[in-house]
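Asker: Before we start, here is the structure in question, set down as structure tokens.
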Amino acid sequence: MSNLSASHFHNEEAAYAYVEARLWPNGPVCPHCGGVERISKMQGESTRVGAYKCYQCRKPFTVKIGTIFEDSKVSMRLWLQAMYLIAGSKKGMSSNQLHRILGVTLKTAWFMSHRIREAMREGDLAPMGGDGIAVEADETFIGRVPGVAMKQGGYQHRMKVLSLIDRNTGKARSMVVDKVNLATIQPIVKANILAESRLMTDEANCYHGLGRHFAEHGFTSHSRGVYVMGDVHSNTVEGFFSIFKRGMRGIYQHCSPKHLHRYLAEFDFRYSNRSALGIEDSERADILLRGVVGRRLTYERAGATA
Ligand SMILES: [Zn+2]
């Protein structure tokens, strides 16, 4: 028995029931008027699976409304399979793989993966860290910025990523940045990490002077070959970058700048909900499912027309 043999991956009624139980833990909620009473399941042979009628506003609805599944013709059971596969594959999954596994067109697979990445986006943007908690920050470069010439020893032609990892929760938060300099990096670091925290970085100039803002700023001098001094290091975030880069290299070879933030959301999601933190595949897929609400992505916004 594979994990994908559960009925909600194969039976549409079961798939809807699975999603409804997680998005409506206290019973159906009308997306039109917010009502929770006098709602009944629509019956009858011509009725769509998962259709309800609200007798307060007299409108029909399904659990798909207001989620990434809305306006999609893909069956719920295939969405659940796709989410399980993407949430569980350590380095990610290409649209091409998804297309072959699920038997949907490549275009559909591409669109599904972007919507799923949207659901992976962390909604909680409260600052990381806290009293005495170490938070690591580091930057990396990936791919190419189209139209920017390569200069000797420079990084302007590459896309730039800043990642923060809270050593206490084990969670990662990454963002695309325009420049890796003090003026760009420091406001982000200050806004995303509580001042009571212990900031851990390398010796890069963009972090210079942050010791005045945080309880401590520990940094190691990589240029002098020092990578660890006690618990002062940025090895955790560097480990995250290596997973990210392996995934991007192997699977997402042609990532354009306008999609990079979604790939980062995907790698942040898997890292922040990894099994080393006690979160196993089915739980991770359920956490992902809770993120589908309010993340509807139109075809245009996904960049499909470009
Ligand atoms: Zn209603």
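Asker: Under a plain spin-label model, where a point goes 7 Å from the Cα along Cα-to-Cβ, how far apart in nm are Val148 and Ala126?
Answerer: Label-label distance for Val148 and Ala126, simple model: 3.4 nm.
Asker: Same structure again: Using modelled amide H (1.01 Å from N, peptide plane; none on Pro or chain starts), what sits under 5 Å from the amide H of Arg198, excluding residues fewer than 5 places away?
Answerer: Gly130, Gly132, Ile133, Ala134, Val135
Asker: Identify unpaired cysteines across the chain, taking unpaired to mean no other cysteine Cβ lies under 4.7 Å from the residue's Cβ.
Answerer: Singleton cysteines: Cys206, Cys255.
Asker: I want to check the label-to-label distance for Gln97 and Ser5. Put each point 7 Å from Cα in the C-beta direction and report it in nm to one decimal.
Answerer: Placing both labels 7 Å along Cα→Cβ, they lie 2.3 nm apart.
Asker: A further question follows. Would you please give the residues with an amide H less than 5 Å from that of Asp138, counting only those at least 5 places away or on a separate chain, with H modeled from the backbone geometry?
Answerer: Ser163
Asker: Kirkwood Rh over Cα pairs of the stretch 127-280 into Stokes-Einstein at 10 °C, 1.306 mPa s: D in µm²/s?
Answerer: Estimated diffusion coefficient is 99 µm²/s.
Asker: Then there is this: Less than 15 Å Cβ to Cβ from Glu283, Lys/Arg counted +1 and Asp/Glu -1: what total charge do the surrounding residues give?
Answerer: Residues close to Glu283 contribute a combined charge of +2.
Asker: Next up: Would you please name the chymotrypsin sites (Phe, Trp or Tyr not before Pro) within the stretch 186-240 that are DSSP coil residues with at most 15 other C-beta atoms within 10 Å of their C-beta?
Answerer: The qualifying sites are Tyr227.
Asker: Can you list residues whose amide H is under 5 Å from Lys59's amide H, if they're 5+ apart or on another chain and H is modeled 1.01 Å from N?
Answerer: Amide H to amide H, under 5 Å and 5 or more residues apart or across chains, Lys59 pairs with Cys54.
Asker: So, one more: Starting from 0.36 nm per residue, how many nanometres of slack lie between Glu238 and Thr105 once their C-alpha separation is accounted for?
Answerer: 44.3 nm
Asker: Give me the Kirkwood hydrodynamic radius of the stretch 98-186, using the inverse of the mean 1/r over all pairs of distinct Cα atoms, in Å to one decimal.
Answerer: Roughly 16.1 Å, rounded to one decimal.
Asker: Would you mind checking the stretch 174-189 for residues with the amide N under 16 Å from a putative spin-label position 7 Å along Cα→C-beta of Ser223?
Answerer: Hits in the stretch 174-189 for Ser223 at 16 Å: 181-182.
Asker: Which of these, Lys245, Lys179, Lys258, has the largest mean-square fluctuation under a Gaussian network model of the chain (Cα springs below 10 Å)?
Answerer: Of Lys245, Lys179, Lys258, the Gaussian network model singles out Lys258 as fluctuating most.
Asker: Let me understand the stretch 1-120 better: what is its radius of gyration from the alpha carbons, and its Dmax, in angstrom?
Answerer: 15.5, 46
Asker: Can you give the extra length, in nm with one decimal, that the chain gains between Lys179 and Glu13 once fully stretched, where that is 0.36 nm per residue apart less the Cα-Cα distance?
Answerer: 54.8 nm
Asker: At a 1.4 Å probe, what is the % contribution of carbon and sulfur to the accessible area of the stretch 86-230?
Answerer: Ligands and nucleic acids excluded, carbon and sulfur reach 53 percent.
Asker: Related question: For a bin width of 20 Å, list the pair-distance distribution of the chain built from all Cα-Cα distances, rounded to whole %.
Answerer: P(r) for the chain, in whole percents per bin: 29, 51, 19, 1.
Asker: Please give the per residue accessible area of the chain, computed with a probe of 1.4 Å over protein heavy atoms only, in Å².
Answerer: Computed with neighbouring chains in place, this is 50 Å² per residue.
The values are calculated or read from the model by the stated rules, or taken from the named source; none is laboratory data. These figures come from a predicted structure and were not determined experimentally. Glycine also receives a Cβ, built like all others from the backbone with ideal geometry; neighbour counts cover every protein chain displayed. Side chains included, ligands, DNA and RNA excluded: accessible areas come from the protein's heavy atoms. Shrake-Rupley method; radii C 1.70, N 1.55, O 1.52, S 1.80 Å.
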